[in-house]
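The values are calculated or read from the model by the stated rules, or taken from the named source; none is laboratory data. Given the structure is predicted, the values throughout are model-derived calculations rather than measurements. We place every Cβ from the backbone using ideal geometry, glycine too, and count neighbours over all the protein chains shown. When the accessible area is computed, the model is the full protein with side chains, heavy atoms only, and any ligands, DNA or RNA have been set aside. Shrake-Rupley method; radii C 1.70, N 1.55, O 1.52, S 1.80 Å.
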Amino acid sequence: MIQLLQGLFDGVAMGAQYSVIVLGFVVIYRATGIINFAQGGFVLIGAYVTYNVSQTWGWNFYLALLVSILVTAGVSMVVQRILLQWVLRETVGVALLLVLWAVFYFNGWGHVSAVATAAVVGLIGYGVTRRIEQHLGTGQTKELPVFGSIMVTIGLLFVIKQIVPSIWGFSELNMGDPWGLNVTKVGGLVLSHAKLWTIGLMAAALVAFFAVNRYTKIGVAMRATHFDHEAAVAQGISLRVVFAVAFGIAGGVAALAGTTAGAGIAQLTPNLDLVVFFAFPAMILGGFDSPGGAVLGGVIIGIVQNLTKVYQPEWDLQWLGVGFDRVAVYIVMLLVLMVRPYGLFGTKEVHRV
Amino acid sequence: MNQPAVATVAAEPILAVQNIEVVYNDVILVLRGVSLEVAEGEIVALLGANGAGKTTLLRAVTGLLEVHRGNITKGTVSFLGRRSNLDDTSRLVRNGLSQVMEGRRIFAELSVEENLRSGAYTVRSRQAVNEAHDRVVDLFPVLAERARSTAGYLSGGEQQMLAIGRALMASPKLLLLDEPSLGLAPLLVQQVRYIIRDINAQGTSVLLVEQNAAMALSIADRAYVMENGRIVRDGTGAELLADADIREFYLGVGETGHRSFRDVKTYRRRKRWSA
């Protein structure tokens, strides 16, 4: 019994992190209709920024956490603006590709001349593409091309996974341990403070999100946009603002999850983003477009994973192999999808922007 | 034949559409040189059969063409004397151009109250929102009664009231209504008619797109008739109500009680009236 309760507690602590990451996916999906595969990258950025501010600069841990949330939210918004709004316009995309090519090609000339040449080449490319576009009469649209955007987010994940280690290195880092190994014992149950704090912080983030979503103007605008994108535009709701806020929220919660996942006994490595592989089944389980489903899905996945770890040795299931808990979550996801193909709380028809 | 009479617009037009051409998907030409004006304080009706281009014209005015891959390829739209072709909808709404879309398009998952508040998205001051809210609730008491219920559970008539109320939350100078009588019982159509008059009496200009020509013409100061992406007729509401062709094609009242087969055969040809 104690074992079960302990497994549940640990599971909820782990699941709370998944919930928050999934919330990031869901918010972006609801606003824009794309799945942001770079969410793992934001988790990584968040964790490393907290590390940098609290360890390298020696700030208070909670202050560092706050800074990290703000920074990651900002990065997420900027990336959204640049990559998903500009680059997907052919003119800017072509110009950037040319710049990249030119930087490498003319690298032998020294940095300054290479960059300058690249800028000139980029400008020429922009002008020529612009001309062709005008000639063909294809105007710019503000609509996000769904497939292209998703590909861009996948590319972004790889870019972030290269940039982060190039700044902070590949070795394991210690993010500081604000909660130590302190535990509170209730009956036979061992409640580690780190896990209590994780649950508390995640719960606070979720409550904050649901309050914003329910009571504020931007929350109403986001829900309206999700329900009927064109009618929302007709009310004067600015999609640009809604997109930016959605990416900001996703970045902020990713930083929070990344920090708690990398703090304490767990060491901080550039593989932290793999946590997203558990967020995916949680998102599908909860049903793509439901924030409530995101929370429940995350917690269920966390609990399943932990209970598998606890009971696998006990029930002589070792032959299933080490790390079977990671498979178990996908099995649960498949079982649920057989009964409810749209997830637990998903909308039946999937709308696209 | 019937040369469209040049309408005399007394005041400075609040909305002026000049000779616009709209193309969808870069190939489908939907509007071919449409001009239209709405003066301050007027109710202007826009009539036409399905596919005439009425909704497209509204989209061109409100900046929603983009959502449908449409483009204004020629001509200008100006709102409040300023060219607004390239403005985004958000800006137009802030400047005082609201619309009730065809088929109501309320946010069914949100509450009635939230629907109204979404209409006031562009309004910054809280006081202005509250004032607009009071006015809307005055006009539609039923929305106050059901403020907390989910909008999707309202009846069709109530949903139409909500859609109009939502558009009024931005306190528009010009209100565009796309088929507000669609799918409503005759009694409710009457009610919508009174409401449009009330709104107009409070100083909002109205552009009313309708298939229910009798209703639209009875309250319109002026009206335009569209066919095949062109304006084929315009005049005052009373003029068009009295017009023989309009009576036959849009009001379903023939001049003679009984039509012979030959008349039916020439119907199509006659319908290309001013071409």
Test result for residue A:240, within 14 Å of chain B (Cβ to nearest Cβ), within 24 Å of the chain's Cα centre (by Cα), open to solvent by 50 Å² or more (accessible area, probe 1.4 Å) and at pLDDT below 90 | yes
Tell me, yes or no, whether segment A:268-275 has at least one residue that is touching a Pro at 6+ places or on another chain (Cβ under 6 Å), crowded, with 18+ Cβ neighbours inside 10 Å and either in contact (Cβ under 8 Å) with a residue 12 or more places away in the chain or assigned to a helix (DSSP H, G or I) (or both).
-> yes
When you look at residue A:314, is it within 14 Å of chain B (Cβ to nearest Cβ), more than 22 Å from the chain's Cα centre (by Cα) and of a type in the set (Asp, Glu), yes or no?
-> no
When residues of segment A:213-231 are limited to those that are in a helix (DSSP H, G or I) and within 7 Å of chain B (Cβ to nearest Cβ), the one most open to solvent (accessible area, probe 1.4 Å) | A:217
Going by the structure shown, is residue A:117 at pLDDT below 70, more than 30 Å from residue A:256 (Cα to Cα) and either in contact with a His (Cβ under 9 Å, 6 or more places away or on another chain) or open to solvent by less than 80 Å² (accessible area, probe 1.4 Å) (or both)?
-> no
Please indicate, with yes or no, whether at least one residue in segment B:150-165 is within 14 Å of chain A (Cβ to nearest Cβ), within 23 Å of residue B:14 (Cβ to Cβ), touching a Lys or Arg at 6+ places or on another chain (Cβ under 7 Å) and touching a residue at least 40 places away in the same chain (Cβ under 8 Å).
-> yes
Do we find a residue being modelled with pLDDT under 90, closer than 30 Å to residue A:175 by Cβ and either in contact with a strand residue (DSSP E or B) (Cβ under 6 Å, 6 or more places away or on another chain) or open to solvent by 50 Å² or more (accessible area, probe 1.4 Å) (or both) anywhere in segment A:197-206?
-> yes
For segment B:110-132, state whether one or more residues are in contact (Cβ under 8 Å) with a residue 24 or more places away in the chain, crowded, with 17+ Cβ neighbours inside 10 Å, closer than 18 Å to residue B:171 by Cα and within 19 Å of the chain's Cα centre (by Cα).
-> yes
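Return a yes/no flag: does segment B:109-132 have any residue that is part of a loop (DSSP other than H, G, I, E, B), on the phi < 0 side of the Ramachandran plot, more than 11 Å from every other protein chain (Cβ to nearest Cβ) and hydrophobic (A, V, I, L, M, F, W, C).
So far as segment B:109-132 goes, no, none of its residues is part of a loop (DSSP other than H, G, I, E, B), on the phi < 0 side of the Ramachandran plot, more than 11 Å from every other protein chain (Cβ to nearest Cβ) and hydrophobic (A, V, I, L, M, F, W, C).
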Could you please let me know if residue B:52 is open to solvent by less than 20 Å² (accessible area, probe 1.4 Å), assigned to a loop (DSSP other than H, G, I, E, B) and either farther than 29 Å from residue B:249 by Cα or modelled with pLDDT under 90 (or both)?
-> yes
Of B:163, B:151, which residue is under 21 Å from the mean Cα position of the chain (by Cα), open to solvent by less than 20 Å² (accessible area, probe 1.4 Å) and outside the structural domain of residue B:189 (by TED's automatic domain parsing)?
-> B:163
Please indicate, with yes or no, whether at least one residue in segment A:254-263 is modelled with pLDDT under 90 and either within 14 Å of chain B (Cβ to nearest Cβ) or in a loop (DSSP other than H, G, I, E, B) (or both).
-> yes
Kindly check whether there is at least one residue in segment A:129-138 that is at pLDDT 75 or above and either away from every other protein chain (no Cβ under 14 Å) or not in a helix (DSSP H, G or I) (or both).
-> no
Hey, among A:281, A:313, which residue is open to solvent by 40 Å² or more (accessible area, probe 1.4 Å) and assigned to a helix (DSSP H, G or I)?
-> A:313
How many of the residues in segment A:38-70 are under 18 Å from the mean Cα position of the chain (by Cα) and surrounded by fewer than 20 Cβ atoms within 10 Å (Cβ to Cβ)?
-> 3
Just need a number here: residues in segment A:163-212 that are of a type outside the set (Ser, Thr, Tyr) and part of a strand (DSSP E or B).
-> 7
Does segment B:244-257 include one or more residues that are modelled with pLDDT of 90 or more and open to solvent by 20 Å² or more (accessible area, probe 1.4 Å)?
-> no
May I ask you to list pairs of residues, at least six apart or on different chains, whose Cβ atoms are under 6 Å apart, with the first in segment B:15-37 being open to solvent by less than 10 Å² (accessible area, probe 1.4 Å) and the second being of a type in the set (Phe, Trp, Tyr)?
-> B:15/B:79; B:36/B:224
Of (1) open to solvent by less than 10 Å² (accessible area, probe 1.4 Å); (2) assigned to a helix (DSSP H, G or I); (3) among the β-branched types (Val, Ile, Thr), residue A:34 fails just (2)
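So that you can scan it fast, the table gives a plain yes or no per residue for (1) closer than 25 Å to residue B:26 by Cβ; (2) open to solvent by 60 Å² or more (accessible area, probe 1.4 Å); (3) at the interface with chain A (Cβ under 10 Å from one of its Cβ atoms); (4) modelled with pLDDT of 90 or more:
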| residue | (1), (2), (3), (4) |
| --- | --- |
| B:69 | yes, yes, yes, no |
| B:74 | yes, yes, no, no |
| B:77 | yes, no, no, yes |
| B:87 | yes, no, no, no |
| B:93 | no, no, yes, yes |
| B:98 | no, no, yes, yes |
